[in-house]
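The values are calculated or read from the model by the stated rules, or taken from the named source; none is laboratory data. Predicted model, so just to flag it, every value in this text is computed and none were measured. Here the Cβ is made from the backbone with ideal geometry for all residues, glycine too, and neighbour counts use every protein chain on show. Each accessible area value is taken on the protein alone, full model and side chains, heavy atoms only, with ligands, DNA and RNA left out. Shrake-Rupley method; radii C 1.70, N 1.55, O 1.52, S 1.80 Å.
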Amino acid sequence: MSVLNRLQNEFNGFGRVLALWFAFEYSLGNGIAMVLDVALPNQPVSGISMLVAVGATYIVQWWYPDVRLRTVWPFALTMIFVFFGLTLLNPVMIDGRTGGTIYYTVEAGLSWIAALSLSCVVVWTNWPEVLPIRE
């Protein structure tokens, strides 16, 4: 194998890690950070999203290397749109005036769990079987 082929393989691996990290940062990480921000007002919790994204990237990249990026990105996009769509319905959470009450903490947590569940359904469903294309 030539040096250029090795460099190309390494760059492809780095690109995959970077793509996984972005997907998990904006889906899982930001969702958990928002739930903790609702639960713990006036506390610095933004760094937790990066730790969650790094952990999820590590798990997917090295424990499940056969997972394709076109499986991860629908999960991430569904999670982002569903979670922030649910939280946009409640302007108090967006303004950050929750005061750390248990009601808003449970509401944010349940919204995150609902988004996670729907994202898993989107990824695990065999769409060609469910929606057959007729010719």
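Data overview
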{"item": "Selected residue (only one of Thr101, Thr78 is polar (S, T, N, Q), without any contact (Cβ under 8 Å) to a residue 60 or more places away in the chain and within 27 Å of Leu18 (Cβ to Cβ))", "result": "Thr78"}
{"item": "Filtered residue count, region 35-57, keeping only those that are open to solvent by less than 40 Å² (accessible area, probe 1.4 Å) and outside any helix (DSSP H, G or I)", "result": "1"}
{"item": "Candidates Val60, Val106 - the one that is surrounded by fewer than 16 Cβ atoms within 10 Å (Cβ to Cβ), part of a helix (DSSP H, G or I) and at pLDDT 80 or above", "result": "Val106"}
{"item": "Test: residue in region 113-129 that is of a type in the set (Asp, Glu) and under 19 Å from the mean Cα position of the chain (by Cα)", "result": "no"}
{"item": "Any hit, region 67-84, residues being in a loop (DSSP other than H, G, I, E, B), open to solvent by 90 Å² or more (accessible area, probe 1.4 Å), within 24 Å of Phe14 (Cα to Cα) and not aliphatic (A, V, I, L, M)", "result": "yes"}
{"item": "Of all residues making up region 85-103, the number that are in a loop (DSSP other than H, G, I, E, B), farther than 19 Å from Val45 by Cα and open to solvent by less than 60 Å² (accessible area, probe 1.4 Å)", "result": "1"}
